[in-house]
Amino acid sequence: MRARTLVAVVGGLALTASLTACGGDSAASDKNVVTVYSADGLKGEDGKGWYDQVFEDFEKKTGIKVKYVEGGSGEMVQRALREKSNTQADVMVTLPPFIQQAAGKGLLDPYEPKGSEAVNGADKAADGSWTALVNNYFSFVHNKDELKQPPATWEELLDAKYRNRLQYSTPGVAGDGTAVLIKAMHDFGGERPAMDYLRKLQSNNVGPSSSTSKLAPKTDKGELLVANGDVQMNYAQSKSMPNLGIWFPKKQGGKPTTFALPYAGGLVKNAPHSENGKKLLDHMLGAAAQKQVSSIGGGFPARADIKPTDPNAVELTKLMDGVEIFEPDWTDIEKNLTDYVDAWKSATDS
């Protein structure tokens, strides 16, 4: 069985662990541990991201070490499914619609963390199986050095100058990649016109990528002109990537649009350290951690009662000005996700 190299963080220190698809040693061997399976974006590449600070504070407060495994949202759900008979994770954090998928597949136990009462109803499950931890929005990035202004429309991306210099992460594997489908279907008015467009775009697309976070460095260096992403991750990355610009494409004649794409967390069913998982979820929704979402993480607090005024929060508010925010039908997307991904594969011969 081929091994996959994943990032693990223990007590704030980055470690590289080679783990097979069946999982490594039992997570239950150490009682003072909590294992987190998460989509990428919240851990800083420089060790100064929101996760880095939150995990360090949590360990100092509780003495519980955080073991961290990172991958695409879909990849994390599939990993947890494979381990269902020998659960390794305690907490799962993914982007929609994968957190809904995890709940639908019976991977999550209902738990309402302290502070979740301040999270808006649309950002948490009615049954308590998951709640948003960091609010976020889908976006694209461009290289500001070569493109002083980003392309305004989807249609402009079909220009030959983007050939082999445009890339988006893989739908069905990465949360942000799946978001490309969701936004395209909204902007173009349905599945068929969206797939027709993505079929045309494929001639410019570099190819698949399981991780969205890897695309920003390529864009900053000029290997790519345009890539997909999300506001929180790309804003945080832009602090060390000066050529990275965030933008929101629109259909010709329309308005720039986006939708909420929160990092949502839930307690894994039959978790080896369920109580530790609950404590970590409580900590991440605590007022102190939520105030750090913008100042450290470059994102938006999940709690509506937290109103940050730090420079990052001010800049993020300006970034969203004039962008129309729509609300996807997550029930439909979760139900028909496989069909939508299959349609994309057929359209792009992927």
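Considering only residues that are within 21 Å of LEU42 (Cβ to Cβ) and either part of a helix (DSSP H, G or I) or not small (Gly, Ala, Ser) (or both), which ones fall in the range 183-214?
THR212, LYS214
Quick check on this structure: which one of VAL33, VAL119, VAL93 is over 19 Å from GLU334 (Cβ atoms) and buried (at least 24 other Cβ atoms within 10 Å of the Cβ)?
From the options VAL33, VAL119, VAL93, the qualifying one is VAL119.
Take the residues in the range 265-294 that are assigned to a loop (DSSP other than H, G, I, E, B) and aliphatic (A, V, I, L, M), then tell me which one is farthest from PRO308 (Cα to Cα).
If we take residues in the range 265-294 being assigned to a loop (DSSP other than H, G, I, E, B) and aliphatic (A, V, I, L, M), then ALA271 is farthest from PRO308 (Cα to Cα).
Mind checking whether some residue in the range 131-147 is over 18 Å from VAL36 (Cβ atoms), surrounded by fewer than 21 Cβ atoms within 10 Å (Cβ to Cβ) and in the same structural domain as ASN270 (by TED's automatic domain parsing)?
no
Looking at (1) closer than 20 Å to LYS67 by Cβ; (2) surrounded by fewer than 20 Cβ atoms within 10 Å (Cβ to Cβ); (3) among the small types (Gly, Ala, Ser), can you tell me which one GLY253 breaks?
Unmet for GLY253, out of (1) closer than 20 Å to LYS67 by Cβ; (2) surrounded by fewer than 20 Cβ atoms within 10 Å (Cβ to Cβ); (3) among the small types (Gly, Ala, Ser): (1).
On the given criteria, is PRO217 under 19 Å from the mean Cα position of the chain (by Cα) and not in a helix (DSSP H, G or I)?
no
Hand me the list of strands (runs of 3 or more DSSP E) wholly inside the range 10-83 holding 2 or more residues that are modelled with pLDDT of 95 or more and under 27 Å from GLY177 (Cβ atoms).
Result: 33-39, 65-71.
Please indicate, with yes or no, whether at least one residue in the range 131-151 is out of contact with any Gly (no Cβ under 8 Å at 6 or more places or on another chain), part of a helix (DSSP H, G or I) and in contact (Cβ under 8 Å) with a residue 60 or more places away in the chain.
So far as the range 131-151 goes, no, none of its residues is out of contact with any Gly (no Cβ under 8 Å at 6 or more places or on another chain), part of a helix (DSSP H, G or I) and in contact (Cβ under 8 Å) with a residue 60 or more places away in the chain.
Would you confirm, using the coordinates I've provided, whether LEU267 is within 30 Å of PRO113 (Cβ to Cβ) and of a type in the set (A, V, I, L, M)?
yes
For TRP330, are the conditions met, namely being touching a helix residue (DSSP H, G or I) at 6+ places or on another chain (Cβ under 7 Å), aromatic (Phe, Trp, Tyr), at pLDDT below 95 and at negative phi?
For TRP330, the condition - touching a helix residue (DSSP H, G or I) at 6+ places or on another chain (Cβ under 7 Å), aromatic (Phe, Trp, Tyr), at pLDDT below 95 and at negative phi - is met.
Given the structure, is GLY297 in the same structural domain as GLY47 (by TED's automatic domain parsing), part of a loop (DSSP other than H, G, I, E, B) and crowded, with 20+ Cβ neighbours inside 10 Å?
Spelling it out, GLY297 is indeed in the same structural domain as GLY47 (by TED's automatic domain parsing), part of a loop (DSSP other than H, G, I, E, B) and crowded, with 20+ Cβ neighbours inside 10 Å.
Within the range 92-107, is even one residue among the hydrophobic types (A, V, I, L, M, F, W, C), closer than 20 Å to LYS67 by Cα, at pLDDT below 95 and outside the structural domain of ILE182 (by TED's automatic domain parsing)?
Checked against the condition, which is being among the hydrophobic types (A, V, I, L, M, F, W, C), closer than 20 Å to LYS67 by Cα, at pLDDT below 95 and outside the structural domain of ILE182 (by TED's automatic domain parsing), the range 92-107 yields at least one hit.
Among the hydroxyl-bearing types (Ser, Thr, Tyr) and in the same structural domain as SER73 (by TED's automatic domain parsing) - does that describe any residue in the range 234-256?
no
Just one of the numbered conditions (1) farther than 26 Å from ASN205 by Cβ; (2) in contact with a helix residue (DSSP H, G or I) (Cβ under 9 Å, 6 or more places away or on another chain); (3) part of a loop (DSSP other than H, G, I, E, B); (4) touching a residue at least 12 places away in the same chain (Cβ under 8 Å) is not true of LYS307; which one?
(4)
Scan the range 204-222 and tell me whether some residue there is at pLDDT below 95, of a type in the set (Lys, Arg) and under 23 Å from ASP349 (Cβ atoms).
Checked against the condition, which is being at pLDDT below 95, of a type in the set (Lys, Arg) and under 23 Å from ASP349 (Cβ atoms), the range 204-222 yields at least one hit.
Taking the conditions exactly as written (within 25 Å of VAL77 (Cα to Cα), surrounded by fewer than 21 Cβ atoms within 10 Å (Cβ to Cβ), among the charged types (D, E, K, R) and in contact (Cβ under 8 Å) with a residue 40 or more places away in the chain), does GLU327 satisfy them or not?
yes
The values are calculated or read from the model by the stated rules, or taken from the named source; none is laboratory data. Since the structure is predicted, the reported quantities are computational estimates derived from the model, not experimental observations. Neighbour counts are summed over all protein chains in view; Cβ atoms, including those assigned to glycine, are modelled from backbone coordinates with ideal geometry.
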